[in-house]
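Trainee: Structure in structure tokens, see below.
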Amino acid sequence: MKKNYSFKKYLIILGCLSLGLGIFELYKNDKLRIQFRYYSTRILVMLNLIDYDALDYNKVRYENFNTAGIEENLDDIYKKLFNKFNRDDGFPLDIEYPGPRYLNFFNGIKQRIYNISMLLDKPGNPLNNAESLVISRTIKEKNWFFEIDLPQNREIINKKLVIKNIGAKPIRNPRIIINGKKNWFSVESVLGSIIKPNMSDEEKALSIWDFLNDNIYHYDPATEGGELHNIVKYLNAYGYGYCDDTAINFYILLDSDHRVFYLKQDNREIAGVEDLANDPDLIFRIAKTPWEFPSKAFVANAASEADLYHTKNNQKYFIPRLPKEHTLDFSLRPEETFIALWESDDYYVSYGIYTTYRPPKYGKGTFIYQPHSAEVFSESITKGKNVILADRNQNIILTADDSSQPASFAIKFDTPYPIIKGRFELNCSTKANDAQVGVYFSQDGTEWWEIAHINGGAGLDLSKSFTNYFPNGYSQPLYSYFLKFEFTNKHDGQFMINNFKIITETQLAPNSLPELENGRNTIAYTSESSEQAVDVELYYVLGKQFLPGLNPPHTSLPAESGNAISFSWELPDKPENNSLVHNFQLSAREDFLIPLAPNFDIITISNQISVGKEWLTGYRTYYWRVRSKYKDEPYGGFSAPQKLEITPK
């Protein structure tokens, strides 16, 4: 018998109509809309009491809040929160700052949901026959290097760099540099790695453009304002942004976002903004190429790209004031470790609520401070009060000079990277039954928020995340913070510290990290300290084995064909494989610093390319070369550069 679904169908239609009318009424009625957003904010605040601990993938930890102290002004807190994220609905703007704990919930929830989904469905290792290896050295010299050879025919995947201070003195700026690359610790060192002696202004600009093509990718900026408008931060902490971020940092109007620049009709001079506004075809002719060149996105969006150049007016007033200069300077305390990961699925920097999505590629830097001696501990204290530290049986003894008063100390943590997470672990014991330990957080060392408190007897164990006290999700990221620890024991003032660890996690750009390569690697260590003892570890994976590289192609003489010139080549070994790919380059420079135009660094499956004569102007010499590979394999070598001289007839 055929079932009758008409009643259910009408109910569904009626429900949809009701929902539509409700949404319409919600947006038509300002008061109702405000109430809806107000109560949705309350729900999200409550959801924030669930805190996923990404340091431990095996549990989801629920915060134990003393809600009695919050209830008295809960409605006031909600209104302040509501105002922060709903300023367009008429609430007053001059409200008191309620503290970071209550402002970081939107971004926190988004990231926690992602982390929980990762917990439920963690991806496996896609590598076949992969080998995980580590290079480790103990270094006791200021400037030191060694060499190591890695296979030429295996994929090398860099995973982790570890630098641990095992000495008794702080180390200023410990650096690892591999093969003389990625020395991006200051503006001067960045430019020094790009600009070579005797370069013209045009060569400098094109070298910067080429450098950015390789090391920056287009993605939603992590923050607003001037945070990304600093060369060192842009390259080392983020590695992604919009075209304006690149242009402001390097004062360059070549589009490294889409890997393009534009030539005037003479194919010699680089076009400026006014040229492109006057003649949009300078943009479209790049996109009309029949081949694939590195920027597919540009070809697909050439019309919108041309719309960007809608004015000839000077746009300098749009450039925001640049922040103060930033470097990657930092000190590694004794018994402190820095760990850099090329990949992360953890928290990331986000300026506002859902304004930035998870970047496709970012890394993580972790600083772990775990002192085991009173001397090391004492040297880290920024502000101490009524506190004496001593060693006893491999433990640290903390004693209040006046046992009737708390003993307290603060420690400042500085990093060269934006901070995304923090956590401390403290285990101590005492003879008193009514001892207390309190832990407090401050962004600047003046205003403090309590993040943990414990009362007890013989054993006191605290382990707490203070991630939500960083302004990630509603303000610019922090690069430093303070933790204060307060110990109260009116019996004898003593605490035996069994474990003390502080973990600070930061975001970094993986492209900025020193990378092992195929063949010989020169690994150099430098620092600015006269005394040091460090353990250095480089973790990497040997991935799939490559096929033998193809020999350079044999090139033929260019041939005229109508309004074009044809370039062709053949592979000497004539491989029987339909998945061959060729990279053809045409340049006005013998050193191939940059192609003639972006659409002449071409990827093709054909062994022949035709170039329109309109691109090749008279009385000029051009150079071309080609290399080949199997699909998904490395390229073989380039053919010898061939010269093409054009003379008008």
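Trainee: At what distance in nm do the modelled label points of Ser200 and Leu133 sit from each other, each positioned 7 Å from its Cα along Cα→Cβ?
Mentor: Going by the 7 Å Cα→Cβ label model, 4.5 nm.
Trainee: Could you work out the mean projected area of the convex hull around the alpha carbons of segment 162-228, in square nanometres to one decimal?
Mentor: 7.7 nm²
Trainee: Need the full-extension length gain, Glu450 to Ala559, defined as separation in residues times 0.36 nm minus the C-alpha distance. One decimal, nm.
Mentor: 31.5 nm
Trainee: Here is a follow-up. Give me P(r) over segment 385-443, computed from all C-alpha to C-alpha distances, binned every 10 Å, as integer percentages.
Mentor: Spelled out bin by bin, segment 385-443 gives 14, 45, 29, 12, 1 percent.
Trainee: How big is the shadow of the Cα convex hull of segment 135-263, averaged over all directions, in nm²?
Mentor: 11.4 nm²
Trainee: Give the Kirkwood hydrodynamic radius (Å, one decimal) of segment 467-563, defined as one over the mean of 1/r across all pairs of different Cα atoms.
Mentor: 22.4 Å
Trainee: Moving to a separate point now. I'm a student and want to see the number: the projected area of the Cα convex hull of segment 410-531, averaged over all directions, in nm².
Mentor: 11.6 nm²
Trainee: Taking the Cα centre of segment 458-608 as origin, sum charge times position over the Cβ atoms of Lys and Arg (+1) and Asp and Glu (-1), and report the length of that vector in debye to the nearest 20.
Mentor: 480 debye
Trainee: Suppose R0 equals 35 Å; then what is the FRET efficiency for Tyr242 and Asp279 from their Cβ-Cβ distance, rounded to the nearest 0.05?
Mentor: The pair Tyr242/Asp279 has a calculated efficiency of 0.90.
Trainee: Something else now. For segment 566-606, state what percent of all Cα-Cα pairs lands in each successive 5 Å bin, counting from 0 Å until the bin that includes the largest distance.
Mentor: Spelled out per bin, shortest first, that is 5, 19, 25, 21, 16, 9, 4.
Trainee: Please work out how much length the chain gains when fully extended from Ser442 to Asp401, using 0.36 nm per residue of separation minus the C-alpha to C-alpha distance, in nm with one decimal.
Mentor: 12.3 nm
Trainee: For segment 538-649, what % of the accessible area comes from carbon and sulfur atoms, probe 1.4 Å?
Mentor: So the carbon and sulfur contribution to the accessible surface is 47 percent.
Trainee: Would you check segment 148-248 for Lys pairs whose C-alpha atoms are within less than 18 Å, ignoring same-chain pairs closer than 8 in sequence, and give me the count?
Mentor: Close lysine pairs found across segment 148-248: 9.
Trainee: Given N residues in segment 575-649, what is its alpha carbon radius of gyration divided by 2.2 N^0.38 Å?
Mentor: Cα-based Rg divided by the globular estimate yields 1.19.
Trainee: Can you grab the distance from the C-alpha centre of segment 520-584 to the C-alpha centre of segment 366-397, Å, no decimals?
Mentor: Comparing the Cα centres of segment 520-584 and segment 366-397, I get a distance of 51 Å.
Trainee: For Trp615, Trp144, what's the largest-to-smallest order of accessible area, 1.4 Å probe?
Mentor: Trp144, Trp615
The values are calculated or read from the model by the stated rules, or taken from the named source; none is laboratory data. If you're wondering where the values come from, they're calculated on a predicted model, not measured in any experiment. Note that we place each Cβ from the backbone using ideal geometry, even for glycine, and neighbour counts take in every protein chain shown. The accessibility values were calculated without ligands, DNA or RNA, using every heavy atom of the protein model including side chains. Shrake-Rupley method; radii C 1.70, N 1.55, O 1.52, S 1.80 Å.
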